[in-house]
Every structure is written in structure tokens, then in C-alpha cells.
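What follows is a set of notes on a single structure, which appears directly below.
The values are calculated or read from the model by the stated rules, or taken from the named source; none is laboratory data. Note that this is a predicted model, so its numbers are computed, not measured. Every residue, glycine among them, receives a Cβ derived from its backbone with ideal geometry; neighbour counts consider all protein chains shown.
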Amino acid sequence: MPIPKPLDRGIRLPVIGAPLFIISNPDLVIAQCKAGIIGAMPSLNAREPERLEDWLARIHEALAAHDAANPESPAAPYAVNLIVHRSNPRLMEDLAICARFKVPLVITSLGANTDVNAAVHEWGGLVFHDVINQRFAHKAVEKGADGLILVGAGAGGHAGAQSPFALMAETRSWFDGPIALSGAISTGAGILAAQAMGADFAYIGSAFIATDEARAAPAYKQGIVSGAAEDIVYSSYFTGVPGNYLRGSITAQGLDPDNLPARDPSIMDFGAASGAKAWRDIWGAGQGIGSVREIVPAAQLIERLSQEHRSARERLCG
């Protein structure tokens, strides 16, 4: 379907840069948007609301300056990720800050909320909600989400267990709104495959960890570059919600990645019995990291994805 307003300007590649907890920051978002994809960050990456306000002001100023200097090639919109789960005490305060800046796209996670969706619609923004199955997808749309982010098997961080093929086909059979598809997409051919299945956007996170702008430890970035699908471990141990993590970061904490107990999903937190914290010590990553071979500026990664996307399309057409 056509990309809806206000997301229909400046997009040169149908990609949303997934909001990466701790890692995404204004530098990465600005670079993504300038290069022609939707950049995103979690509001909680700003350690206090005042910093979030500063970050959004910085993003607005940088993108406005880019648009003024490049009227023929404006920047893509940006998004802020809000955690709707009851464990987030800042939800309403961060939502109010997003309202002041009229954030074009709000990505909601861990709970669909009618009041949050209505608030975003009041300032003219859109809400995409991330889901891992049809039950959550229907619930999100019933509560007013404009679009869905389908988080399939193989996606980095919190992820579902269903194949992106099955998840996409079943969702598109009843939902005709915008969809972003996630699940081990790290190449331009993967982006084209997502479009062929009916998605409007590919949702890419892990590849952006290995960029200059990302706020990730050097060893984390190197783990993405040197890793492959077999280095990804799927477990609920670290937060109570199933997710994909780098095997090396688990063993570095003295844990056995092949013998991690399950945790109660109702107890959502970022610690584990060992004291290791998800995202800080236990590093999220998806199964597509085998296609990430070097640490580069975000704009260079997006250019590589664009070239691969064009080449894949030419192969199919030729």
C-alpha cells in the first residue's frame, strides 16, 4: 500500500531502523533519516525526560537544516519507541514530550494502549505497534494502532518464534494497513523479499549496531561483525520475555547459553539471577548478522543496502 502521511517524504529505501535499547541515539537517528530511511530510538535511551527533550530538539534542528540545504532530497521522518508496559513509570511524561515535538511516528511495545494511540493521533502522528502473533496484532488494531511491526523468528532482542513468512501472510490476509516486517533482515535482497511478501517496510536493527554512530561497546560491534546465525541464543531468562542474544556475551558472564532456565513472563525486568543485565551485559542480536562484515558509518550501510536492493530487483526483472 502507499506509505501514509506523514511518513511519505524523504524515504529512499523502505526501511525503518529499529529502535535499539541503549544503542540508538540522536547521531544514529539523524544519520538514518538523512540517508533516506526512518530512524528510531527508544525514549528510555535518554536517561531522564529532560534529556529526551534535548535529544528531540537536536534531531528536529539537524533534520530541518538538512532539508533547507537539500530541498530536492529531504530527510526521512523519525520515530520514538515508547514502552507501554506497566514497568515504565515515564510513559506519560515521555508521551507529553513527543506531543510537544509532534513526533511523526511512535512505535509502541509491550502493550497496546488506546489512550496513547489517541494522544498521538491528536497531534497528527501515527502509531505502529510491534507484535509477535495474530492475537497481539488484532488487539493492537482494535485499540487504534495505525500500523503493525511483525517481529518474527530470528529478529534481534525481544522476538517471536513464528516464521516471518507465516506471520506476514496471515496478517496481510485481514489487515490492509502499513506493515513493517522484522526477522533476520540485513541485506537489500531481504528488504525486497519483505516487500514481495506484502510488507511496506523492512525493520532492521542488528546491522545498525555495527555502525560508527551506534552507542555500543566496541566488543559488541565486533561480535556482530564476526558472528553468524549459529551464535544467536533464544531465551526468556534475561527479561522474562523471549529474545535473541549473542552467545559470546552470555558465556562472558559465566553462564551456559545451552542451559538457561525460562523465566515468568509476568515478571518483566532487565536483570537476571546472575546479576547480568540484558542489553548492557547480555547483547541482543538477530540471526541476520552473518551478512554484516564491517563497522561502517550508518550512511554507508544504507548505501550498501540500497545497491543490494537495486541489484536484487534487477535480477528478478531480468
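Are there any helices (runs of 4 or more DSSP H) wholly within the stretch 110-190 with 3 or more residues that are in contact (Cβ under 8 Å) with a residue 12 or more places away in the chain and in contact with a helix residue (DSSP H, G or I) (Cβ under 8 Å, 6 or more places away or on another chain), and if so which?
Ranges flagged: 114-122, 164-172.
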Given the conditions (1) touching a residue at least 24 places away in the same chain (Cβ under 8 Å); (2) surrounded by fewer than 18 Cβ atoms within 10 Å (Cβ to Cβ); (3) out of contact with any Pro (no Cβ under 7 Å at 6 or more places or on another chain), and given that residue 90 satisfies all but one, which numbered condition is not satisfied? (3)
Can you name the condition, by its number, that residue 95 falls short on among (1) assigned to a loop (DSSP other than H, G, I, E, B); (2) of a type outside the set (Phe, Trp, Tyr); (3) under 22 Å from the mean Cα position of the chain (by Cα); (4) over 23 Å from residue 159 (Cβ atoms)? (1)
For the stretch 24-49, how many residues meet the condition of being among the charged types (D, E, K, R) and modelled with pLDDT of 95 or more? 2
Do we have residue 76 as among the aliphatic types (A, V, I, L, M), modelled with pLDDT under 95 and not in a helix (DSSP H, G or I) here? no
Return a yes/no flag: does the stretch 169-182 have any residue that is within 16 Å of residue 207 (Cα to Cα), modelled with pLDDT of 95 or more and crowded, with 23+ Cβ neighbours inside 10 Å. yes
Residues of the stretch 236-259 that turn out to be surrounded by fewer than 23 Cβ atoms within 10 Å (Cβ to Cβ), touching a Leu at 6+ places or on another chain (Cβ under 9 Å) and either in contact (Cβ under 8 Å) with a residue 40 or more places away in the chain or assigned to a strand (DSSP E or B) (or both), as a count: 1
Tabulated pairs, the stretch 50-75, first under 17 Å from residue 105 (Cβ atoms), second surrounded by 14 or more Cβ atoms within 10 Å (Cβ to Cβ) and aromatic (Phe, Trp, Tyr), C-beta under 7 angstrom, 6+ apart or interchain: 56/101; 59/78; 60/101
Out of all the residues in the stretch 212-221, is one or more of a type in the set (A, V, I, L, M), closer than 25 Å to residue 251 by Cα and not in a loop (DSSP other than H, G, I, E, B)? yes
Picked from the stretch 279-304 (must be assigned to a helix (DSSP H, G or I) and touching a strand residue (DSSP E or B) at 6+ places or on another chain (Cβ under 7 Å)), the residue nearest to residue 181 (Cα to Cα) is 287
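So in the stretch 281-291, with the set limited to residues that are more than 17 Å from the chain's Cα centre (by Cα) and touching a residue at least 60 places away in the same chain (Cβ under 8 Å), which one is farthest from residue 34 (Cα to Cα)?
Ranking the candidates gives 290 first.
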Scanning the stretch 191-211 for residues that are out of contact with any helix residue (DSSP H, G or I) (no Cβ under 7 Å at 6 or more places or on another chain) and surrounded by fewer than 24 Cβ atoms within 10 Å (Cβ to Cβ), which turns out farthest from residue 29 (Cα to Cα)? 196
Every residue from the stretch 20-53 that is touching a Gly at 6+ places or on another chain (Cβ under 8 Å) and buried (at least 24 other Cβ atoms within 10 Å of the Cβ): 20, 24, 28, 29, 31, 32, 33, 37, 38, 39, 40
